1. When the residues of region 101-110 are filtered to those that are farther than 24 Å from R6 by Cβ and assigned to a loop (DSSP other than H, G, I, E, B), which remaining residue is most open to solvent (accessible area, probe 1.4 Å)?
2. Among the numbered criteria (1) buried (at least 20 other Cβ atoms within 10 Å of the Cβ); (2) in contact with a His (Cβ under 9 Å, 6 or more places away or on another chain), which single criterion is violated by L98?
3. In region 140-161, how many are buried (at least 17 other Cβ atoms within 10 Å of the Cβ) and not in a helix (DSSP H, G or I)?
4. Quick check on this structure: which one of L177, L132, L105, L109 is closer than 15 Å to G27 by Cα and either in contact (Cβ under 8 Å) with a residue 60 or more places away in the chain or polar (S, T, N, Q) (or both)?
5. Given (1) at pLDDT 95 or above; (2) open to solvent by less than 70 Å² (accessible area, probe 1.4 Å), where does F189 come up short, assuming only one miss?
6. Which members of region 142-159 meet the condition of being farther than 19 Å from P17 by Cβ and in contact (Cβ under 8 Å) with a residue 12 or more places away in the chain?
7. For V158, work out the one condition from (1) under 30 Å from D5 (Cα atoms); (2) among the aliphatic types (A, V, I, L, M); (3) out of contact with any Phe, Trp or Tyr (no Cβ under 9 Å at 6 or more places or on another chain) it doesn't fulfil.
8. Of the residues in region 87-100, how many are under 23 Å from V180 (Cβ atoms), among the aliphatic types (A, V, I, L, M) and assigned to a loop (DSSP other than H, G, I, E, B)?
Amino acid sequence: MPTVDRWLVVGLGNPGPEYAANRHNAGFMVLDELAARAGGRFKTHRSRAEVLEGRLAGVSAVLAKPMSFMNLSGGPVKALTDFYKIDPAHVIAVHDELDIPYGALRAKLGGGDNGHNGLRSITKSLATKDYLRVRFGIGRPPGRMDTAAYVLRDFATVERKDLPFLVDRAADVVESLIKVGLEPTQNAFHAGDLNVSGPPR
């Protein structure tokens, strides 16, 4: 039987210091902020993920960063849902999103993967698209830059100025999903793209 009141929050990224500041690792950055809020530290778990058990928004939550590399994220996520008996409806995947401009955040349930290898892997492993996503906008690559090269580059200097604020706001979105659900969260955070120098317009 699934554990009804427990959540699994998964940040998507690639393990290793050489990837730590990449756009593709926005999910890891948000999970680090959530870990700080939960007051704990990640520990190695047999699911091939770094895991922290704690509380978010007053609710039991498992925070996880898969250590399998992005395109194999689904294996650890499935192992964690099985181990902790968490239904996919209580899974939140935090990931970078090319189709959203930098400075914008979106929450959604289900849908396609938009070419995101981490989401594709999770959907395949869970055998469902019906899990929550927090989409961290990184925008499209400039000019003719290869998409793979773009996501594996660090955030630009001008972007890094606002990055801590956006990571903090993305963590707020996760906590809001847990506390009040999808529609109220969308109403609160989709009022307009985030003004990167302040709260939503």
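1. That would be P101.
2. Failed condition: (1).
3. 1
4. Values: L177 fails: closer than 15 Å to G27 by Cα; L132 fails: either in contact (Cβ under 8 Å) with a residue 60 or more places away in the chain or polar (S, T, N, Q) (or both); L109 fails: closer than 15 Å to G27 by Cα.
Selected residue: L105, the only one of L177, L132, L105, L109 that is closer than 15 Å to G27 by Cα and either in contact (Cβ under 8 Å) with a residue 60 or more places away in the chain or polar (S, T, N, Q) (or both).
5. Here F189 meets the rest and fails (1).
6. T147, Y150, E159
7. Of everything listed in (1) under 30 Å from D5 (Cα atoms); (2) among the aliphatic types (A, V, I, L, M); (3) out of contact with any Phe, Trp or Tyr (no Cβ under 9 Å at 6 or more places or on another chain), V158 misses just condition (1).
8. Total meeting the criteria: 1.
The values are calculated or read from the model by the stated rules, or taken from the named source; none is laboratory data. Just so we're clear, the structure is a prediction, and the values are computed from it rather than from any experiment. Backbone-built Cβ (ideal geometry, glycine too); neighbour counts: all protein chains shown. These accessible areas exclude ligands, DNA and RNA; they are computed on the full protein's heavy atoms, side chains included. Shrake-Rupley method; radii C 1.70, N 1.55, O 1.52, S 1.80 Å.
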